[in-house]
1. Sort out which residues of the range 273-294 are in contact with a Lys or Arg (Cβ under 7 Å, 6 or more places away or on another chain), part of a helix (DSSP H, G or I) and among the charged types (D, E, K, R), and write them in order of number.
2. Of all the residues that make up the range 561-575, how many are in contact with a strand residue (DSSP E or B) (Cβ under 9 Å, 6 or more places away or on another chain) and open to solvent by 10 Å² or more (accessible area, probe 1.4 Å)?
3. For residues that are farther than 18 Å from Phe285 by Cβ, outside any helix (DSSP H, G or I) and touching a residue at least 12 places away in the same chain (Cβ under 8 Å), scanning just the range 295-337, find the one that is most open to solvent (accessible area, probe 1.4 Å).
4. Can you find even one residue in the range 362-375 that is over 20 Å from Gln402 (Cβ atoms) and open to solvent by 40 Å² or more (accessible area, probe 1.4 Å)?
5. Based on what the data block shows, is Ala182 modelled with pLDDT of 85 or more, open to solvent by less than 20 Å² (accessible area, probe 1.4 Å) and more than 26 Å from Gly382 (Cβ to Cβ)?
6. How many of the residues in the range 516-537 are touching a residue at least 40 places away in the same chain (Cβ under 8 Å) and among the small types (Gly, Ala, Ser)?
7. If Asn446 passes every condition in (1) in contact (Cβ under 8 Å) with a residue 12 or more places away in the chain; (2) in a loop (DSSP other than H, G, I, E, B) but one, which one does it miss?
8. Looking at this structure, is Thr237 of a type in the set (Ser, Thr, Tyr), within 16 Å of His194 (Cα to Cα) and either modelled with pLDDT of 80 or more or open to solvent by 10 Å² or more (accessible area, probe 1.4 Å) (or both)?
Amino acid sequence: MGISSGDGLTPGGARRSQHGGAVGDADPTHTWGPAHIEDVPPGRGLTETMGPAAGKTAAALAGGAVALASAIGTAVRPRIRVRPRRRRRASAAHDRSHLPANQVALAVAAIILVVGIVGSIATSYARSVLHGLPDPAAESAPLLRSVVIYDDRGQVLAERNSEGAYHVVLGLGQMGKVAPMATLAAEDRGFYSHPAVNVLATARALVVDVLAGQPVEGGSTITQQLVKIEFLQPRRTLSRKLQEAALAYQLENKYSKDRILELYLNRVYYGHGAYGIGAATKTYFGADKDAKDLSVAQAAFLAGLISAPNTNDPQTHYDRARSRELYVLGQMRQANDISLQQMQAVSQEDIQKELKFDTSFRRERAHHFVDYVMSRLEATFGAAATQQGGYQVHTTLDPALQRLAEKSVADGVGAMSYYGVNNGDLLAANPKTGAILAWVGSADYNNAGIGGQFDVVLSPRQPGSSFKVYDYVAALRDHRITLSTCLQDEPTDFNGYRPVDFDNSYMGTISARTALVQSRNIPAVQVASMEGIDRVIAYARSLGIRSPLQPYLSTAIGGSEVTLFEHLQGYQVFADQGHHMPLLAITGVTDASGNAVYTTTPGRQDGQSDPLSAAEAYLITNVLKDYQTVWHLGWQRQMAGKSGTSGGTQFGVHPDAWMMAYNPDIVVGAWAGNTGPNGAGRPVSAFGVNTGETVLAEFINGMPAQWDGWYTPPADLVTRGGELYLAGTENMASCQSHGGGGHAGGGGEHGRGNKNH
């Protein structure tokens with residue numbers, strides 16, 4: 001359901017003045033409600049036959065009829081000319097002060113009959129107009145129709161609704177004191193003292209409108225205005241007024257005055273696409289301005305716009321907006337909200353110089369992350385409830401890291417354009433808590449040429465050699481190999497499968513450590529063959545890989561597709577020393593009534609496990625710490641890294657270029673490639689290490705300086721001959737006599753021109 005608008009509360013037309021100005025016969029002072037917002041139990045539905053709200057409406061109609069008659073008499077009487085007549089001599093027969101008792105009784109009876117008929121008509125009419133009205137007690141309305149998503153600093157990432165309106169949803173306490181005060185002075189000074197409908201003010205406004213032949217005076221309470229915004233279409237008819245009154249009474253039966261004022265101040269339109277005081281504050285006075293920090297003059301200025309935000313648009317008609325500001329300040333003075341001296345001083349503030357007309361805060365950030373959050377909401381609450389809106393969603397996203405990630409991807413893709421790259425992505429998380437810190441699903445969300453709205457983070461792609469960590473950890477864990485085990489990097493036939501490396505060269509007999517840090521294909525397939533590809537797949541699943549993995553040896557070197565999201569989850573286990581911490585995006589959800597419907601603390605989410613011991617995870621980390629040096633990636637802090645490139649031995653046919661990295665503070669992955677409008681594209685000549693030395697180098701070097709910790713070797717590891725072993729494996733056959741490398745890496749490194757992964 002989209003955001004409904006009423007009585008001109010849309011950017012398309014000026015709002016009628018019946019909502020502006022003083023309500024009239026209202027108490028010039030007001031009393032603030034309780035400091036906290038507390039909803040009262042809901043009343044009966046309006047669809048019931050003459051329930052309490054309808055009864056109140058009928059009573060209001062009867063009272064309104066009397067008030068209306070009185071008002072008409074007062075308003076019309078001075079306009080009637082009475083022609084002078086010759087004075088006649090009074091007589092007893094014409095002396096009305098001496099009417100017979102039976103005539104007096106007859107007159108009284110007639111009056112009672114007329115009042116009864118009026119009341120009966122009003123009651124019957126109320127029944128007819130109440131039929132089919134929405135029921136605030138049964139619906140979630142009147143509540144915000146948007147889903148507002150916040151980053152981990154409480155700043156708005158995005159607002160999703162069907163009409164493209166912008167809110168900055170605030171609690172009443174977050175609005176400060178002067179913004180609500182100015183609004184009440186301008187729109188409804190007696191809000192806290194009168195009922196849902198101010199009958200006298202409404203009656204007087206009707207009379208003035210009738211005599212003027214057009215709407216010139218407002219009489220709606222703030223509760224009625226909220227009803228118009230949420231429920232009713234902008235029509236000025238008697239039945240519409242009755243409907244409005246009925247819903248207003250029902251609304252006040254369901255919600256406290258504070259809650260109604262809060263809803264109103266979050267929904268009323270201020271012009272320039274800003275709905276609510278939070279959005280209006282930022283639009284008119286700058287994205288860094290909060291409603292609680294408004295000056296009295298600024299609050300009065302914004303309150304003055306409510307009556308006709310387009311007619312009084314300060315960008316084109318500042319004089320009108322200024323006049324309304326002064327009017328509101330006068331109303332605040334009459335309400336004793338400010339002193340005469342304050343009013344005089346405040347009126348000198350030059351608002352025109354302070355106006356920003358800033359819409360930068362509306363630019364949705366982290367588009368693909370927001371899309372993912374919305375998908376999680378739909379999965380949890382259902383599509384219909386999510387589209388209905390009203391949710392405020394708090395997330396884990398770090399705004400500074402998100403900006404760094406976006407820039408790193410854009411710059412890296414630009415640097416790799418030489419290789420045919422036109423797109424990239426990046427995902428980062430806290431390995432200890434699982435909190436997702438940055439999410440870039442494409443290089444440019446708005447670029448249709450690359451299918452920018454297609455989220456590559458969630459797109460299954462071949463991970464290439466970055467998958468090899470699962471081969472090695474499975475075999476290490478099951479004591480099939482140690483890091484010093486001899487492996488053969490030479491032409492090998494694995495029952496018809498003949499893997500090769502890009503360079504079509506071979507290193508001969510090398511240690512498992514060297515094979516992994518040099519990212520050689522044939523030894524990795526040898527390890528998977530020793531372990532059994534089914535067991536490799538099972539271990540990969542225990543670490544977080546959920547995509548279908550084919551039970552073929554080609555899977556050992558990245559032949560099956562995975563998503564960056566689940567691949568990062570797998571590397572998170574290594575980063576957190578064997579502990580599986582599910583990735584987390586949402587920390588809390590509140591509904592439109594302010595009720596918490598979901599909450600969790602990062603690091604305490606369900607689904608945790610320990611698929612690896614700290615020692616098993618550390619062996620892989622200890623090898624991968626040398627990757628940035630071996631491949632000259634330009635990282636300015638210690639990380640464990642692994643690249644991956646999909647494709648064959650022919651130059652320029654690499655669809656996917658991956659780079660994964662982690663340390664105790666962060667786990668991050670990036671991808672680069674070429675995509676078209678539907679997500680598919682052509683191969684590129686970039687390798688995974690190219691992604692590492694561009695996208696990830698900029699991101700890693702720009703991370704907070706304090707994220708430079710490293711791991712302490714677990715006490716249960718055994719050191720022998722400069723190599724690390726799991727306890728009980730230190731006496732297994734070693735490749736050290738072959739020069740295959742020890743703890744420091746060894747085995748040599750390929751030149752820059754021989755990057756194969």
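1. Correct list: Lys282 only.
2. In the first step, residues of the range 561-575 are kept if they are in contact with a strand residue (DSSP E or B) (Cβ under 9 Å, 6 or more places away or on another chain); the result is 561-565, 567-575.
The next check asks that each one be open to solvent by 10 Å² or more (accessible area, probe 1.4 Å); those that pass are 561, 563, 565, 569.
Number of matching residues: 4.
3. Selected residue: Asn336.
4. Of the residues in the range 362-375, the ones over 20 Å from Gln402 (Cβ atoms) are none.
Scanning the range 362-375 turns up no residue that is over 20 Å from Gln402 (Cβ atoms) and open to solvent by 40 Å² or more (accessible area, probe 1.4 Å).
5. Numbers: modelled with pLDDT of 85 or more: yes; open to solvent by less than 20 Å² (accessible area, probe 1.4 Å): yes; more than 26 Å from Gly382 (Cβ to Cβ): yes.
Yes: the conditions hold for Ala182.
6. Of the residues in the range 516-537, 3 are touching a residue at least 40 places away in the same chain (Cβ under 8 Å) and among the small types (Gly, Ala, Ser).
7. Here Asn446 clears every test but (1).
8. Working: of a type in the set (Ser, Thr, Tyr): yes; within 16 Å of His194 (Cα to Cα): no; either modelled with pLDDT of 80 or more or open to solvent by 10 Å² or more (accessible area, probe 1.4 Å) (or both): yes.
So Thr237 fails the test.
The values are calculated or read from the model by the stated rules, or taken from the named source; none is laboratory data. In this text the structure is predicted, and so the values were computed from the model without any measurement. For neighbour counting, all protein chains shown are included, and Cβ atoms are generated from backbone atoms with ideal geometry for every residue, glycine included. Side chains are part of the model used for accessible areas, which takes the heavy atoms of the whole protein and leaves out ligands, DNA and RNA. Shrake-Rupley method; radii C 1.70, N 1.55, O 1.52, S 1.80 Å.
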